[in-house]
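The values are calculated or read from the model by the stated rules, or taken from the named source; none is laboratory data. All values reported here derive from a predicted model rather than from experimental measurement. Here the Cβ is made from the backbone with ideal geometry for all residues, glycine too, and neighbour counts use every protein chain on show. Accessible surface is based on the protein model in full, side chains and every heavy atom, while ligands, DNA and RNA are left aside. Shrake-Rupley method; radii C 1.70, N 1.55, O 1.52, S 1.80 Å.
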Protein chains: 2
Amino acid sequence: MGKTPKNLWTAPPTKVLRADPDSSIADLDTRSTPGFTGKKAEGKEQLETRGQVLSDLQELLYANGRSGDPRSVLLVLQGMDTSGKGGMVRHVIGHVDPQGVDHAAFGVPTPNEKRHHFLWRINKALPRGGQLGVFDRSHYEDVLVARVHELVPKKVWKGRYKEINQFEKELVDSGTTIVKVAMFVSLDEQKERLQERLDRPDKYWKYNPSDVSERALWPEYQKAYQAILDRTDTDHAPWYVIPADRKWYSRIAVTELLIDALERLELDWPSADFDIDEEKRRLAES
Amino acid sequence: MGKTPKNLWTAPPTKVLRADPDSSIADLDTRSTPGFTGKKAEGKEQLETRGQVLSDLQELLYANGRSGDPRSVLLVLQGMDTSGKGGMVRHVIGHVDPQGVDHAAFGVPTPNEKRHHFLWRINKALPRGGQLGVFDRSHYEDVLVARVHELVPKKVWKGRYKEINQFEKELVDSGTTIVKVAMFVSLDEQKERLQERLDRPDKYWKYNPSDVSERALWPEYQKAYQAILDRTDTDHAPWYVIPADRKWYSRIAVTELLIDALERLELDWPSADFDIDEEKRRLAES
């Protein structure tokens, strides 16, 4: 765990946050901080320390990518409005070199995107070898908003869970480590965050009237989220369930999940694909 | 100038670094720090303080983009190998929210890119409204390496200066502020930096034997760089000449150039495009 005092985590986030088939998100305490015994101040400190570790590991991944390693890491961020997806990108991904990040945000599909299979726009945005991909929303919208609003017939969205599992399996087989993060805030916490957007002129741009309309559909969304955890949590592409009322916690948790994913690649600096002594000689003469 | 003590800059970087038709890059002191009276320590401190200002301005740009403002800023980075283009992205652009950055690196054109006009791949990578675009190398390679290595007939590359000016004019007219930065290290400084890549196993991946071969063509590259400054420095898309032997200086200089570009957009938080009181009522009831 690098420079971090180990005792702040009583259990690794990969374990305590992994989606659990025996529990329901209805029972999730969104203010909890599973596995972490520190408070906000320690959390913020940890974000800086561990953000640096993440940055170092990302540079290793990037270096290997530049040397032909096809492997990549893809962070998939899902969560209701205000759950903190944007802040996650800013404050966690913000620690790493922008050159190594392939970021994509998936909004309402464009008319052109709608004419394609739902995975078409996803495929186009996949990270290249050596890159840390970040999806702010993803193909899961096609079984979340699409299901809740019945944008497609039931038969269609029902078939997508299997399609997604298949798609992710192929992605993993081709060298991408997928880290799927579902962030959950409570209905009350969401209300407070929306209220803030209405109270502060520097936040108006983040507010969308439809966010309030969607609140009426909260139970349906919970059900749809439960379904993706039940049906698309796989060993090759696991889901992590993040209590997100405390932003500082969700950020250090995801930082740890990414560090774990990168460490499991067991990366080392690429060896020289040239004759070092010969190049030193050539350089000296140049 | 925000929190920064004003007296460290005796003159604004936009003035002292602007390409000067009456001077030649052959006379540039690449170890100089034009306009800045501080040393390395003050420079590094300044990078943090001003990086935060840059980040705040970028958020404003992003917010406006989300609200439909088509304007964007494009940083074009050019420079010989080891001049610090990658470090510029990491340490300067690294201060801003990754969501707001459209980064593109242009290497040797792929076979497919070669089949297209040289501006084809450039057009595809232009920043969207609200984004800070960053080009690590750019369309200028097509009058630099293409000229030095005679990759295309003289008649072709000669015509490109005019094409580039035209292209950039259209880009500016459509709302993109272009900041073109040419970074210059000395031949000796480059040697030291290449030597470091050969001495350190964690830097091997950055080394390419062709970098040494290119050193023999240094005078030709200088001539080609002089030509882009002479022919493509325009009021709508100015060139800035950055002495880059001192990395800390080139980074604070480019930070200031970007801050200036963003400040000139005179951005404010977008106004609400909804009825605030009505939304507060709806939220309270939700």
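Okay, here's what the table says:
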{"item": "Residue-normalised accessible area of segment B:36-159, expressed per residue, 1.4 Å probe, Å²", "result": "42 Å²"}
{"item": "Label geometry 7 Å along the beta-carbon vector: A:Gly159 inter-copy distances in nm", "result": "5.1"}
{"item": "Partner chain coverage, peptide B:94-103 - average Cβ within 10 angstrom", "result": "6"}
{"item": "Whole-number Å³ per residue for the convex hull built on Cα positions in segment A:143-251", "result": "135 Å³"}
{"item": "Test item: B:268-275 mean partner chain Cβ contacts at 10 Å", "result": "4"}
{"item": "Per-residue ³J(HN,Hα) for segment B:80-89, Karplus 6.51 cos²θ - 1.76 cosθ + 1.60, θ = phi - 60°, Hz, x for Gly and Pro", "result": "5, 3, 6, 6, x, 5, x, x, 4, 5"}
{"item": "Alpha-carbon Debye profile of segment A:43-87, log10 I(q)/I(0) at 0.13, 0.16, 0.17, 0.33 Å⁻¹", "result": "-0.46, -0.65, -0.71, -1.04"}
{"item": "Amide proton proximity set for B:Thr176, modelled H, under 5 Å, gap of 5+", "result": "B:Ser72"}
{"item": "Those residues of segment A:203-248 for which accessible area with every protein chain present is at least 10 Å² below the isolated value (1.4 Å probe)", "result": "A:Tyr204, A:Trp205, A:Lys206, A:Tyr207, A:Pro209, A:Val212, A:Ser213, A:Arg215"}
{"item": "For A:Val134, residues with placed amide H under 5 Å, excluding near neighbours", "result": "A:Leu75, A:Asp102, A:His103, A:Ala104"}
{"item": "Greater than 20 Å apart at Cα, pairs in B:Lys162/B:Lys223; A:Lys39/B:Lys44; A:Lys206/A:Lys247; B:Lys15/B:Lys180", "result": "A:Lys39/B:Lys44"}
{"item": "Largest-first principal axis extents, alpha carbons of the protein assembly as shown, Å", "result": "70, 55, 48"}
{"item": "Portion, in percent, of the accessible area of segment A:1-140 that falls on carbon or sulfur, probe 1.4 Å", "result": "50 percent"}
{"item": "Amide H contacts of B:Phe184 (H built 1.01 Å from N, under 5 Å, at least 5 apart or other chain)", "result": "B:Ile242, B:Ala244"}
{"item": "Relative contact order computed over segment A:159-286 (Cα-Cα under 8 Å; 6+ residues apart), in percent", "result": "38 percent"}
{"item": "GNM flexibility winner over chain B from B:Val108, B:Val145, B:Val89 (Cα, springs under 10 Å)", "result": "B:Val108"}
{"item": "Label spacing, shortest first and in nm, from B:Leu217 to its equivalents in the remaining copies (7 angstrom along Cα→Cβ)", "result": "5.7"}
{"item": "Buried solvent-accessible surface, both chains (A, B), 1.4 Å probe, Å² to nearest 100", "result": "4100 Å²"}
{"item": "Residues listed by number, segment B:231-273, amide nitrogen under 13 Å from B:Arg66 label point at 7 Å toward C-beta", "result": "B:269-273"}
{"item": "At 7 Å out from Cα toward Cβ: A:Glu113 inter-copy label distances (nm, ascending)", "result": "2.6"}
{"item": "Label-to-label distance, nm, for residues given as A:Leu151 and B:Val152 (7 Å Cα→Cβ offset)", "result": "4.1 nm"}
{"item": "Residue-by-residue Karplus 3J(HN,Hα) for segment B:148-153, coefficients 6.51, -1.76, 1.60, Hz, glycine and proline x", "result": "4, 9, 6, 5, 9, x"}
{"item": "All-pairs Cα distance distribution in segment B:215-286, expressed in whole percent, bin size 5 Å", "result": "3, 11, 11, 13, 14, 10, 7, 6, 6, 6, 5, 4, 3, 2, 0"}
{"item": "Reduced Cα scattering model of segment B:62-138, Debye log10 I(q)/I(0), q = 0.18 Å⁻¹", "result": "-0.78"}
{"item": "Chain B Cβ-axis minimum, rotational copy A, residue and distance in Å", "result": "B:Pro98, 3"}
{"item": "Label-point separation, B:Arg115 to A:Glu163 (7 Å along Cα→Cβ), nm", "result": "2.9 nm"}
{"item": "Partner chain coverage, peptide A:164-175 - average Cβ within 10 angstrom", "result": "0"}
{"item": "Kirkwood Rh in Å, taken over all unlike Cα pairs in segment A:1-77", "result": "15.1 Å"}
{"item": "Prolate/oblate/rounded call for chain A, Cα gyration tensor, a/c under 1.5 rounded", "result": "prolate"}
